[in-house]
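To start, the structure itself, in structure tokens.
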Amino acid sequence: MAEIRLSGVSKRWGSFIGVDKFDLTIPDREFLVLLGPSGCGKTTTMRMIAGLEDPTEGEILIDGKVVNDLEPKDRDVAMVFQSYALYPNMNVYENIRFPLRVRGSDPATHKEKVMRASAMVELDDFLHRKPAELSGGQRQRVALARAIVREPNVFLMDEPLSNLDAKLRVSTRAQIKNLSHELAVTTIYVTHDQIEAMTLADRVVVMEKGVVQQVGSPTEIYDRPANTFVASFIGNPAMNLMKGEVAGGTFRAPHTEIAGLSIGDGPVTLGFRAEDAEVAGEGGQITAPIYTLELLGDATMVSVRIGGALVSAKADKSFRAEIGDMVSIRIPAQICHLFDAETGARIGD
Amino acid sequence: MASKAQRTPTGLKIAANLFVVVWLILAAFPFLWTFWGSFKVELDFFSIADWTNALTGKNTEATYGRPFTGAGYHGAWVQEEFWRAVINTFIVCFFVVLTSLTIGTLGGYALSRSGFRYTFWLLIIALIFRAMPPITLVAGYLLPFFEWNLWGILPTTIIVLVAINQPFTLWMLHSFFQNIPKELDESAKVDGCTQFQAFRHVIVPVMWPGVITTGLFSFLLAYNDFAVTSMLLSESNRTMVPEIAAFLGTTYTEGNVMFAVAAVVSATAPLFVLVMFFQRQIVSGLTAGAVKG
Ligand SMILES: Nc1ncnc2c1ncn2[C@@H]1O[C@H](COP(=O)(O)OP(=O)(O)O)[C@@H](O)[C@H]1O
Ligand SMILES: [Mg+2]
């Protein structure tokens, strides 16, 4: 049972800003994902919550209590490190038991708790192995088991899947989702992978260069990105962005004319998602020669060049054309997102 | 089945083995020669007339009726009470190793985990002090030790040896600690340890081979030291190495040199035992970079 509140939390090293004025309340039992490109301050934020890094400014509260001056051990958080940080001299059983042992909980209960945790992550057969004798996926599960064994207030995970191969990542992701549902503990999960964020999160925090860009549910972030950074970071492929001018409610860029926008005149950045657009024979808002065609299996991705930018639209999987053929893409005003040409902030809703 | 690349030509194999055997004989020869000679009389081992006397023991046989004699050992251990020097050596070594390992382990750990820039300069200064010949330091110590009445006793020597030893221990342990990922401490702290508990429960067990290796090196430094012990210890408090030197210095009595030879053999034997005993830890300590997070 823990609510976490970050109030104006910043971290600076000299003049370098790692995290800038982070404000957020994470309600009890929420699964929160910190998402952003490498080096944006996700790990630093998590380490400040764990107590491994002192914030330069601001307060961190757990259940309404300021914990800035508490040691990590007194915050009742558990953390899964990116490198797993298993204790190399202890076997799997001892690794999982370690938090119970150092916290001095009743030794009679240890075995049962360790067995329960290891069963949850399907490690029962490996309890007597040393970490060096385990595969990457097994090590990762030892780290998970060690974190859940003492039922902490807060669960912190730093890119727990990033060292696994693609297939294992999908299955472990599902396992983590199931586990978090079962444990119902406040969880903060760091990743640079937007698919992980979308599949796991109750709420996502998108960060860039230490600054929070947007906080919202996966759907909100996907449907209403707060700025061009979020728009271009979320979704696969990322949102198409075109620079152009609006005059009399009509957006104009090379090969492009989109009418029916309710916005004042001036330069804007217009965005739309490839899967919202439609490839038509003619009569679309973009008419341009095909730059490239990609067969995805379930669909065909058609790209054209508008100004300097590559703009893609999803066509039916049976769509066939040659590079250089003229194509028309239908982009009705309802699917368009508008962003300030200068700041990149979202305009309207 | 050995792959082609692993298969060595027979000629090369023989040459390699031959080389090892020759090298082994060369390296072991001084020890074997001394060991053999320690059971002879001075006139044999240091024979001017015929060096083969050292092998055959002609004069030994003439004196004692057998080609071997324990006279050198008896003289050194019983007559000259060499066992006092042995005890002194072990007292000195024990406290030097204990003190320099304690300070070195804690200090090396602290330096390896500190983000401050001064750690680099501390280590550089330590290296400079380590590079100085110990004798240059001893010259400076002598006068104050005389004035304060500290000269000649074991504790003074221990402190000086620790001071000379410490930079090396600090360096060596520091580099061992740096190979241990910081996340290991951090993970332990999140799991519920204080900084010291993290050190004791997680870091030291991983570090153990490194501690053993460093301890052995500083043991050998103290055990083999001549410059400090010969200058700072009074006659009654001598450790083995200056005691052996003293035996050698009294050549006017025939036979005393053989006390030195016997004492040399006595002083070397424990080292073999020690290295044999710790060899597994030493090997893993010297490759301690292999610690995985
Ligand atoms: N101890 C430190 N000293 C100086 N800069 C640091 C330190 N730790 C992290 N940084 C910098 O802070 C930024 C954010 O780091 P981090 O939080 O690890 O990013 P990520 O989002 O990839 O987890 C990075 O640019 C990193 O170089
Ligand atoms: Mg990171």
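None of the figures in this text is laboratory data; all of them are computed from the coordinates on show. As the structure is a prediction and not an experimental result, all values here were calculated from the model. Cβ placement follows ideal geometry from the backbone for every residue including glycine, while neighbour counts extend to all protein chains displayed.
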By per-residue mean of other Cβ atoms within 10 Å, what is the highest-first order of B:55-66, A:190-201, B:152-163? A:190-201, B:152-163, B:55-66
Helix B:204-224: inclination vs chain B longest Cα principal axis, degrees, rounded to 10, gives 30 degrees
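Please report, largest first and rounded to whole Å, the three semi-axes of the ellipsoid equivalent to the stretch A:238-340, where each semi-axis is the square root of five times an eigenvalue of the C-alpha gyration tensor.
With the √(5λ) rule applied to the stretch A:238-340, the semi-axes are 24, 13, 12 Å.
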In order over the stretch B:93-103: 3J(HN,Hα) from phi, Karplus 6.51/-1.76/1.60, θ = phi - 60°, whole Hz, x for each Gly or Pro, gives 4, 4, 6, 5, 5, 4, 5, 6, 6, 4, 5
Counting Lys and Arg as +1 and Asp and Glu as -1, each charge on the Cβ, what is the dipole of the stretch A:238-340 about the Cα centre in debye, to the nearest 20? 100 debye
Give the angle, between 0 and 90 degrees and rounded to the nearest 10, that separates the Cα long axis of helix A:92-102 from the longest principal axis of the Cα atoms of chain A. 70 degrees
Amide hydrogen neighbours beyond the local backbone of residue A:56, cut-off 5 Å, H modeled: A:10, A:11, A:12
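So what is the orientation-averaged projected area of the stretch B:1-158, using the convex hull of its C-alpha atoms, in nm²?
The directionally averaged projection comes out at 20.4 nm².
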Compute the relative contact order of the stretch A:49-115 as a whole-number percentage, counting only Cα pairs closer than 8 Å that sit 6 or more residues apart in sequence. 22 percent
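Kindly provide the helix-only [θ] at 222 nm of the protein assembly as shown, computed as the sum of -39,500 (n - 2.57) over DSSP H runs of four or more divided by all residues, to the nearest 500 deg cm²/dmol?
Mean residue ellipticity, 222 nm, calculated: -14500 deg cm²/dmol.
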Can you tell me the dipole magnitude for chain A around its Cα centre, using point charges on the Cβ only (Lys, Arg +1; Asp, Glu -1), in Debye to the nearest 20? 980 debye
Rounded to the nearest 20 Debye, what is the dipole magnitude of the stretch A:1-132 about its Cα centre when Lys and Arg each give +1 and Asp and Glu each give -1 at the C-beta? 400 debye
Give the share of C-alpha pairs in each 5 angstrom bin for the stretch A:158-217, from 0 to the last occupied bin, in whole percents, shortest bins first. 4, 16, 29, 26, 15, 9, 2
In peptide A:101-110, how many Cβ atoms from other protein chains are near each Cβ within 10 Å, on average? 2
Euclidean distance of C-alpha centroids, the stretch B:26-97 and the stretch A:266-304, integer Å: 95 Å
In whole angstrom, how far apart do the alpha carbon centroids of the stretch B:111-183 and the stretch A:308-349 sit? 69 Å
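Can you tell me the relative contact order of chain B? Whole percent, Cα pairs under 8 Å, sequence separation 6 or more.
Relative contact order here is 26 percent.
Rg over Rh of chain B, using C-alpha atoms and the Kirkwood radius, what does it come to?
With Rh from the inverse mean 1/r over Cα pairs, Rg/Rh is 1.08.
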Average beta-carbon neighbours from other chains, 10 Å sphere, peptide A:148-154: 1
Where a label projected 7 Å from the Cα of residue A:294 along Cα→Cβ would reach, residues of the stretch A:329-349 with amide N under 20 Å: A:329-330
Going toward the positive end of the dipole of chain A, with +1 on Lys and Arg Cβ and -1 on Asp and Glu Cβ, which of A:262, A:98, A:303 do you reach last? A:98
Could you pull out every one of the lysines with an alpha carbon less than 19 Å from that of residue A:130, ignoring same-chain neighbours closer than 8 positions? A:111, B:292
Computed over the stretch A:4-231, the convex hull of the Cα set has an average projected area, in nm², of 12.7 nm²
Here the whole-number average of other chain Cβ atoms within 10 Å per Cβ of A:80-93 is 5
Could you point to the residue in A:192, A:205, A:120 farthest towards the positive end of the stretch A:4-231's charge dipole, with +1 and -1 charges on the Cβ of Lys/Arg and Asp/Glu respectively? A:120
Can you tell me how the stretch B:50-91 classifies by the Cα gyration tensor, rounded, prolate or oblate, using a/c under 1.5 as the rounded cut? prolate
Have a look at B:138, B:257, B:21 and tell me which one the Gaussian network model of chain B (Cα, springs below 10 Å) gives the largest fluctuation. B:21
So the angle from the long Cα axis of helix B:118-131 to the longest Cα principal axis of chain B, reported in degrees to the nearest 10, equals 10 degrees
Whole-Å semi-axes of the protein assembly as shown's equivalent ellipsoid (Cα gyration tensor): 74, 29, 24
Output the peptides A:106-118, A:40-52 sorted from most to least packed, where packing is the average of other Cβ atoms within 10 Å over each peptide's residues. A:40-52, A:106-118
Over the stretch A:238-340, what is the relative contact order in percent, taking alpha-carbon pairs closer than 8 angstrom and at least six residues apart? 32 percent
Can you compute 3J(HN,Hα) from phi for each residue in the stretch A:296-310, using the Karplus curve 6.51 cos²θ - 1.76 cosθ + 1.60 with θ = phi - 60°, rounded to whole Hz and x for Gly and Pro? 9, x, 8, 7, 10, 9, 10, 10, 10, 9, 10, x, x, 8, 8
For the stretch B:132-178, what Kirkwood radius comes out of the mean inverse Cα-Cα distance, in Å? 12.0 Å
